[in-house]
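Written below as structure tokens is the structure these notes are about.
The values are calculated or read from the model by the stated rules, or taken from the named source; none is laboratory data. Computed from a prediction, not measured in an experiment: that's the story for all the values here. For neighbour counting, all protein chains shown are included, and Cβ atoms are generated from backbone atoms with ideal geometry for every residue, glycine included. The area values use the complete protein model at the heavy-atom level, side chains included, leaving out ligands, DNA and RNA. Shrake-Rupley method; radii C 1.70, N 1.55, O 1.52, S 1.80 Å.
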Amino acid sequence: MSGLRDHLLAQIRDTGPISIAEFMHTCLLHPTMGYYTAKTPFGAGGDFVTAPEISQMFGEMLGLALAQAWTDQGQPAHFTLAELGPGRGTLMADVLRATAGVPGFHAAADIVLYDASPALRAVQAETLAAHAPRWIDTPEDLPQAPLFLLANEFFDALPIRQFQRDGTLWRERQVGARDGALVFGLGPAQPQPALAHRLDDTADGDLVEDRPGAAPILSVIAQRIDTHGGAALIIDYGDWRSLGDTLQAVAGHTSVDPLADPGAADLTAHVDFEALLTACAPTQPGRITPQGVFLERLGITARAQALAQTLSGSRLDNHVAAHRRLTHPSEMGNLFKVLGVVPRSAPMLPGLET
Ligand code: SAH
């Protein structure tokens, strides 16, 4: 039995089918039954494993890239070190450990976290207790100050809308109910001015995705970086331009039916990097770079070899596998991409130079 399924069925009975975005939002963030509000999703006993949970090397590389950008921009004496969707706080902890030796970096940093999950905020508070982070309730509360920001697997969790092309019109994909079960359906054919540019590169019946929550967050980030300096590093899975249904539910490390047990599985969809990059104007974007290439350029292999010196047996095997998993094209190396932005006049982040 799923309390959330009954809740959704009752809502659909009362007010009609809901968009994929509304379905995702309810499944992930319902105040008491949502996936991120009620579950502990991470780790071997959880549902999925993210890059910072695979190896400390991921956060180390990202931390050093941000510290390099901070140095390139004249080491501002006060800056915001921010993360969107920090999960268990592992990435920020690794960033802080890796940058402890960068003179002045920690003293200048105001550590600011944004996360919708009260349960995960509590875990972050514990992981990062030594660094006195603070939380904001909306990205608009990011301080008017230089901003150095990380977001790993954050944007993929923001709800998407899906539209199927019908002539020059679009039918929105929805979740409705039939015989007491949740089912996918299509809404009426309507014009979608926001999708005008997609009439050029799609055919009848094609499905495209739109993530309305992404651009408002990115425009706040871009404003801070453009006005005060800084850099953002956004890592996620996806590609240049959305085409086709990428909604994905994962529970217990396997793909499951998104409608089967709402709230019990993680729901994500590919990130459209063209849309993210466009929303970062007027900052300067780096080349959208595969995660594996980015980490190699930052020296992950040298770091992996140094760490390997201290390991043996199964710990060494796990370490070698983790390095491969983060970088190899057939694992996360190619599917995950890195978008970096800096002010128009600043040197590009290391690893993302065009
Ligand atoms: N960055 C972490 C966690 C990724 S999971 C890692 O790499 O391990 C997604 C994170 O984003 C979780 O911490 C979740 O609580 C948060 N999140 C999901 N949707 C959100 C939203 N709409 N607003 C704010 N935070 C959100």
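Each row is one residue, and each column tells you yes or no for (1) within 16 Å of the ligand (Cβ to nearest atom); (2) of a type in the set (D, E, K, R); (3) not in a helix (DSSP H, G or I).
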{"residue": "W170", "(1), (2), (3)": "no, no, yes"}
{"residue": "G176", "(1), (2), (3)": "no, no, yes"}
{"residue": "R224", "(1), (2), (3)": "no, yes, no"}
{"residue": "T227", "(1), (2), (3)": "no, no, no"}
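Within the option set A21, A51, being surrounded by 17 or more Cβ atoms within 10 Å (Cβ to Cβ) and more than 9 Å from the ligand (Cβ to nearest atom) holds for one residue only, A21. Residue count for the range 96-117 satisfying the condition of being under 17 Å from the mean Cα position of the chain (by Cα) and of a type in the set (V, I, T): 1.
Among the residues of the range 227-239, at least one is at pLDDT below 95 and surrounded by fewer than 17 Cβ atoms within 10 Å (Cβ to Cβ). Being open to solvent by 60 Å² or more (accessible area, probe 1.4 Å), among the hydrophobic types (A, V, I, L, M, F, W, C) and either at pLDDT 95 or above or in a loop (DSSP other than H, G, I, E, B) (or both) is not true of L182.
Here is a yes/no grid of residues against (1) without any contact (Cβ under 8 Å) to a residue 40 or more places away in the chain; (2) in a helix (DSSP H, G or I); (3) surrounded by fewer than 21 Cβ atoms within 10 Å (Cβ to Cβ):
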| residue | (1), (2), (3) |
| --- | --- |
| G101 | yes, no, yes |
| H106 | yes, yes, yes |
| D110 | yes, no, yes |
| L113 | yes, no, no |
| A122 | yes, yes, yes |
| W135 | yes, no, yes |
| A151 | no, no, no |
| R165 | no, no, yes |
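Only one entry of L326, L352, L339 meets the criterion of being part of a helix (DSSP H, G or I) and surrounded by 18 or more Cβ atoms within 10 Å (Cβ to Cβ), and that entry is L326.
Candidates are the residues of the range 54-75 that are open to solvent by 30 Å² or more (accessible area, probe 1.4 Å) and outside any helix (DSSP H, G or I); the one that is nearest to the ligand (Cβ to nearest atom) is Q73. From the list R88, R97, the lone residue that is open to solvent by 60 Å² or more (accessible area, probe 1.4 Å), more than 14 Å from the ligand (Cβ to nearest atom) and of a type in the set (D, E, K, R) is R97. Applying the criterion of being surrounded by fewer than 18 Cβ atoms within 10 Å (Cβ to Cβ) and within 12 Å of the ligand (Cβ to nearest atom) to the residues of the range 39-48, the residue that is farthest from A109 (Cα to Cα) is G46. Note on the range 114-146: residues that are within 10 Å of the ligand (Cβ to nearest atom), of a type in the set (D, E) and closer than 12 Å to A82 by Cα total 1. Take the conditions under 22 Å from Q68 (Cα atoms) and open to solvent by 60 Å² or more (accessible area, probe 1.4 Å) and apply them to A302. Does it pass? Criteria met by A302.
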